[in-house]
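Report on the structure given below.
The values are calculated or read from the model by the stated rules, or taken from the named source; none is laboratory data. Predicted model only: the values in this text are computed from it and were never measured. Glycine gets a Cβ as well: all are built from the backbone with ideal geometry, and neighbour counts include every protein chain shown.
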Amino acid sequence: MWEQKCDSTIMKLGMEHCPHEPFVFKKEIIKDGHTHLMIVLVWANDFAFAADKAIEVELDNFIGNLGKEFTITVKPCVGQFISIVFEFLDGVSSMNQNAYLDSILSEFS
């Protein structure tokens, strides 16, 4: 039931399902002649949002509208989400699940 409300609310706000990942939503926004991508990840009752600075206002508006339906606590930068660690160094973004994999492997050592 929660998932249905979540999906329908996000799609009413202009997002579309990523065809290959049911928990990923995307929206292309054209601004100043450039196409920008807004991404929303949903896992259980957690949301993660991503967009570049050029559409920061649109992302803030989206989060505000989503907050009318769900309680949302916004953190400015996510370091970890669903056991995925995000790193941002020298203009390069990366993500890994090394700590999660190490914890699983330690169960069998």
Out of the residues in segment 61-70 that are surrounded by 12 or more Cβ atoms within 10 Å (Cβ to Cβ) and part of a loop (DSSP other than H, G, I, E, B), which is farthest from the chain's Cα centre (by Cα)?
Glu69
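Let's see how each residue does on (1) exposed (fewer than 12 other Cβ atoms within 10 Å of the Cβ); (2) at pLDDT below 90:
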residue	(1), (2)
Ile30	yes, no
Leu41	no, yes
Ala51	no, yes
Ile55	no, no
Val78	no, yes
Phe81	no, yes
Phe86	no, yes
Residue list for segment 1-60, restricted to those being closer than 22 Å to Phe88 by Cβ, part of a loop (DSSP other than H, G, I, E, B) and among the hydrophobic types (A, V, I, L, M, F, W, C)
Ala51
